[in-house]
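The values are calculated or read from the model by the stated rules, or taken from the named source; none is laboratory data. What you are looking at is a predicted structure, and each value in this text was computed from that prediction instead of being measured. Ideal geometry is used to build each Cβ from the backbone, glycine not excepted, and the neighbour counts take in all protein chains shown.
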Amino acid sequence: MNPRIEVDLTKLTENVSIAVRQCAAYNIHVMGVTKCFCGNPEIARAMVDGGARMLGDSRLHNLAKLGEFNLAKVLLRIPMISEAEQVVELADYSLNSELETLRALGKAALRRGCIHQAILMLDLGDLREGIWKSDMQEFVLKASEIEGISIKGFGTNLSCYGGVIPEEENLQQLVNISREMETKFGLSLEFISGGNSSSYYLLEKGTIPEGINQLRLGELLLLGRETAFGDYLPEFHQDVFQLKGELVEVKWKPSVPEGRIGMDAFGNVPVYEDRGMMKRGIVALGRQDINPEGLMPVESTIEVLGGSSDHTILDLTQSEQDYRVGDTVAFQVDYGCLLKAMTSPYVDKVMIL
Ligand SMILES: *Cc1c(COP(=O)(O)O)cnc(C)c1O
């Protein structure tokens, strides 16, 4: 069925193995992050086979699909109070930054007769989730008194909202603060979680601070891309995923519309460059499935001109291939596009072993 996204599970396992080996050299283990593929267990299996020690996802819906794996599961998005019961049921650990939420989790855990394990998030300046440095001591003092909660680690998340790059200095702060809290409050920490795919370049540089013992990796494993600078790393496969769409129209038309230009379907006023007559293809894929900006045609002579909810328009003029209606066109995808394609019920997911 078209459109479809093909997932090469062997390549994914290889990517995970490479990252796991590199991390192990620094006593760091890999949490495989499954949210970009909605916790699909077949894809998660490739992460487990590659040596991921834990699985993390931002949504309980997705964690619920990972029951077959005998690995610790981690809820990555700081929990909603209203989902506390399900959090303690489905996640072995959760990332946290609010005392109210920890109290709700503690109560839910006690009702279930268990202890919920929390990793406290420290905001080192990226301004997404996390406890601000100067509030840490008071927070941990109160958090460590909550019944049903055991503080098992500290972590941080960078490069997500504020675009702050993980560096030796800010990650060293994470280590120092974690150690200080551990001593002061008699905690026994399992993890110092040093971030996502944007921290990986520090391993390659060999300067990741000692004491960090976990990275939470999604994009690096899936697309072979580190995210501090956006570099594709040559030792990783970049083509684990390939999206295929079908041409529903192929015609020679002008490159500039005729008539007065108003707004497009999304309220923007488009601007065009006149390139003369063009062989234009329409693929049955749209913003409900992908971001046209995140599509990279495998055949480099093809250019993506744009798209609307259900149509993506290509310039096929330079292609050597004689594309016709009914043919498929293959694309690599960026992270945002992958997320959309994997989430879209209109895109078939095809596993390749
Ligand atoms: C999504 C997410 C990750 C993984 O990020 P990548 O850039 O895909 O490696 C790690 N930690 C948290 C808290 C996340 O939400």
Considering each of GLY39, GLY67 in turn, give the residue that is over 19 Å from SER193 (Cβ atoms) and in contact with an Asp or Glu (Cβ under 7 Å, 6 or more places away or on another chain).
-> GLY39
Failed criterion for SER134 (all others in (1) away from the ligand (no atom under 16 Å from the Cβ); (2) modelled with pLDDT of 95 or more; (3) surrounded by fewer than 14 Cβ atoms within 10 Å (Cβ to Cβ) hold) = (2)
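Condition check ((1) surrounded by fewer than 22 Cβ atoms within 10 Å (Cβ to Cβ); (2) within 20 Å of the chain's Cα centre (by Cα); (3) within 16 Å of the ligand (Cβ to nearest atom)) across all residues:
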residue: MET1; (1), (2), (3): yes, no, no
residue: GLU14; (1), (2), (3): yes, yes, no
residue: ASN27; (1), (2), (3): yes, no, no
residue: GLY32; (1), (2), (3): no, yes, yes
residue: ALA44; (1), (2), (3): no, yes, yes
residue: LEU55; (1), (2), (3): no, yes, yes
residue: ARG59; (1), (2), (3): yes, yes, yes
residue: ILE81; (1), (2), (3): yes, no, no
residue: THR101; (1), (2), (3): yes, no, yes
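Just to verify a result, which residue in the range 172-208, among those that are hydrophobic (A, V, I, L, M, F, W, C), assigned to a loop (DSSP other than H, G, I, E, B) and closer than 23 Å to SER134 by Cα, is nearest to the ligand (Cβ to nearest atom)?
Residue satisfying both the conditions and the ranking: LEU189.
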Could you tell me which numbered condition ILE146 fails, if it satisfies all but one of (1) buried (at least 16 other Cβ atoms within 10 Å of the Cβ); (2) within 16 Å of the ligand (Cβ to nearest atom)?
-> (2)
What are the pairs, 6+ residues apart or on separate chains, where a residue within the range 59-81 that is among the β-branched types (Val, Ile, Thr) has its Cβ under 7 Å from a residue that is surrounded by fewer than 14 Cβ atoms within 10 Å (Cβ to Cβ)?
-> ILE81/GLU100
For the range 209-217, state whether one or more residues are within 16 Å of the ligand (Cβ to nearest atom) and in a loop (DSSP other than H, G, I, E, B).
-> yes
Identify, by number, the condition in (1) in contact with a Gly (Cβ under 7 Å, 6 or more places away or on another chain); (2) outside any loop (DSSP other than H, G, I, E, B); (3) within 13 Å of the ligand (Cβ to nearest atom) that LEU222 doesn't meet.
-> (1)
Scan the range 138-148 and give yes if some residue there is more than 23 Å from the chain's Cα centre (by Cα) and over 21 Å from LEU189 (Cβ atoms), otherwise no.
-> no
Name every residue in the range 9-65 that is within 16 Å of LEU339 (Cα to Cα) and part of a strand (DSSP E or B), in order of residue number.
-> GLY32, VAL33, GLY56, ASP57
Does any residue of the range 118-131 turn out to be more than 16 Å from the ligand (Cβ to nearest atom) and crowded, with 16+ Cβ neighbours inside 10 Å?
-> no
Residue that is surrounded by the fewest Cβ atoms within 10 Å (Cβ to Cβ), among those in the range 211-228 that are more than 14 Å from the chain's Cα centre (by Cα) and touching a residue at least 60 places away in the same chain (Cβ under 8 Å) = ASN213
Test: residue in the range 251-264 that is of a type in the set (A, V, I, L, M, F, W, C), surrounded by 12 or more Cβ atoms within 10 Å (Cβ to Cβ) and touching a residue at least 24 places away in the same chain (Cβ under 8 Å) = no
Could you identify the single residue in ILE28, ILE5 that is out of contact with any Phe, Trp or Tyr (no Cβ under 7 Å at 6 or more places or on another chain) and of a type outside the set (D, E, K, R)?
-> ILE28
Condition check for GLU169: away from the ligand (no atom under 16 Å from the Cβ), out of contact with any helix residue (DSSP H, G or I) (no Cβ under 6 Å at 6 or more places or on another chain), assigned to a loop (DSSP other than H, G, I, E, B) and at negative phi | no
Taking the range 230-250 as the search range and keeping residues that are within 16 Å of the ligand (Cβ to nearest atom) and free of Cβ contacts under 8 Å to residues at least 60 places away in the same chain, which one is nearest to the chain's Cα centre (by Cα)?
-> GLY230
